[in-house]
Amino acid sequence: MNQPPSRSLESEGLAFFGIVTASISHELKNVAAIINESAGLLHDLSVGAQAGRKPLDPARVMKLSADIVRNVERSVSILNRMNRFAHSVDEPKQTVDLFALCRDTMALAARAAVSRGIELIDELPNQTAPIPSFPFGLYRLLYQAIQIAVLDVQGKPSVHLSATLAPTLVRVQLRRDGSLMCTEEHRTRREAIEKLMQALGGCVRIDENMPDAMGVQLELPTS
Amino acid sequence: MDGMRVLLVDDEEELVETIAERLELRGIVAETVTNGEEALQRVLEKPFDVVLLDVKMPGLGGMEVLKLIRMQRPNTQVILITGHASVENGDRRLLEGAFDFIVKPVDIEVLVDKMKEATQRRKESDKP
């Protein structure tokens with residue numbers, strides 16, 4: 001059987017960018033939809049009150065206004081994340097807070113994970129982890145690591161992301177319950193992680209032969 | 001339209017609750033659920049004229065729910081609610097047997113019109 005040629009890191013990067021921005025646009029559409037309905041309901045209630053059908057309930061109005069404000073804040077948070085992600089494409093090697101970038105990537109991957117019924121759990125230390133690296137490469141690496149960890153999850157569907165900071169390296173770990181089936185998707189993602197890690201000068205270990213769990217360990221140098 | 005039986009399905013609870021309240025102000029009483037499994041269960045429990053169904057949901061997704069509704073309750077009309085711009089741009093292949101679609105953010109008057117049309121279709125398909 002003829003296999004399609006493997007894509008270069010660049011075209012894979014473009015595909016990754018597309019997946020993430022599509023996911024963000026869906027999230028923003030949901031937020032816009034909620035704001036639209038809350039504003040629409042405020043309008044409906046005002047029209048009803050003006051026509052003398054039912055007086056406006058101040059508590060209801062305040063609740064709807066608060067809903068709008070909360071969803072505007074939610075949209076700003078999504079946009080900030082999107083902005084950081086979009087700028088990362090052209091950024092040179094620089095000092096990056098790996099834990100902050102891990103959290104951003106978790107948020108970017110959360111929608112895809114949730115669509116599979118899987119919760120991503122943040123167990124990262126509450127500190128910074130500065131490392132010299134390429135932000136876009138790190139986004140891709142972490143996203144792929146999360147994707148491999150959410151493959152074929154059975155039972156309790158959660159993936160835990162934790163990390164330790166040593167003098168010369170940062171170790172990021174993803175673990176989940178349930179063994180991993182070796183599928184084509186798994187092989188493709190594994191190859192992608194290995195290629196990315198090679199480009200970023202770190203090393204990766206994927207524990208896939210444990211009977212009832214699997215883990216991904218990423219080690220990146222701090223200097 | 002009197003007695004329209006409507007089910008709203010979206011994982012954004014705030015969204016379905018607010019749409020339900022706006023529909024109620026227009027004389028349409030709608031039930032709400034926030035996932036595909038519950039939606040299917042509710043549809044099997046009792047007949048609905050129209051199900052407004054979000055395409056992207058955790059667990060059982062909208063397209064899977066649509067297929068199951070088509071099998072179990074073929075006369076129930078499904079309106080897909082989506083943020084997918086391809087549908088908005090006219091790629092109706094994505095509808096997969098749904099009565100129609102509506103794009104987020106929802107225009108409530110457009111939604112009400114579509115629901116009325118869907119209910120009419122439902123009544124016609126019930127005729128022997």
For the range A:94-221, the spread of Cα positions along each principal axis, largest first, Å:
38, 27, 23
Using Cα pairs closer than 8 Å and at least 6 residues apart in sequence, work out the relative contact order for chain A, in percent.
16
Cα centroid of the range B:108-125 to Cα centroid of the range A:56-134, whole Å:
38
When only alpha-carbon atoms count, how far does the range A:1-120 stretch along each of its three principal axes, as whole angstroms with the largest first?
70, 43, 26
Binned Cα-Cα distances of chain B, short to long, each 5 Å bin given as a whole percent
2, 11, 23, 26, 22, 12, 3, 0
Over the range B:1-89, what is the relative contact order in whole percent, taking alpha-carbon pairs under 8 Å and six or more residues apart?
29
Where does the Debye-calculated log10 I(q)/I(0) of the range B:1-53 sit at q = 0.15, 0.20, 0.26, 0.31 Å⁻¹, using only Cα point scatterers of equal weight, no solvent?
-0.36, -0.64, -1.01, -1.25
Counting only C-alpha contacts under 8 Å and six or more residues apart, can you give the relative contact order of the range A:119-223 as a whole percent?
32
Highest average packing first - A:24-31, A:65-72, Cβ atoms within 10 Å
A:24-31, A:65-72
Rounded to the nearest 500, what is the 222 nm mean residue ellipticity of chain A from helices alone, with -39500 (n - 2.57) per DSSP H run of 4+ residues and division by all residues?
-19500 deg cm²/dmol
Setting aside same-chain residues fewer than 8 positions from A:Lys54, which lysines have a Cα under 22 Å from its Cα?
A:Lys63
Grab the DSSP H runs of chain B that are 4 residues or longer, score each as -39,500 (n - 2.57), total them, divide by all residues and round the 222 nm result to the nearest 500 deg cm²/dmol.
-13500 deg cm²/dmol
What are the semi-axes of the equivalent ellipsoid for the protein assembly as shown, taken as the square roots of 5 times the Cα gyration tensor eigenvalues, largest first, in whole Å?
43, 25, 17
Computed magnitude of the charge dipole of chain A (debye, nearest 20; Cβ of K, R +1, Cβ of D, E -1):
440
Exactly which trypsin sites (Lys or Arg not before Pro) in the range A:101-145 are in a DSSP loop and have at most 15 other Cβ atoms within 10 Å?
A:Arg116
Quote the charge dipole size of the range B:6-126 about the Cα centre in Debye, to the nearest 20; the model charges only the Cβ of Lys and Arg (+1) and of Asp and Glu (-1).
580
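Throughout, read-outs are computed from the coordinates displayed, never taken from laboratory work. Model, not experiment: these values are computed from the prediction. No Cβ is skipped: glycine too gets one built from the backbone with ideal geometry, and neighbour counts run over all protein chains shown.
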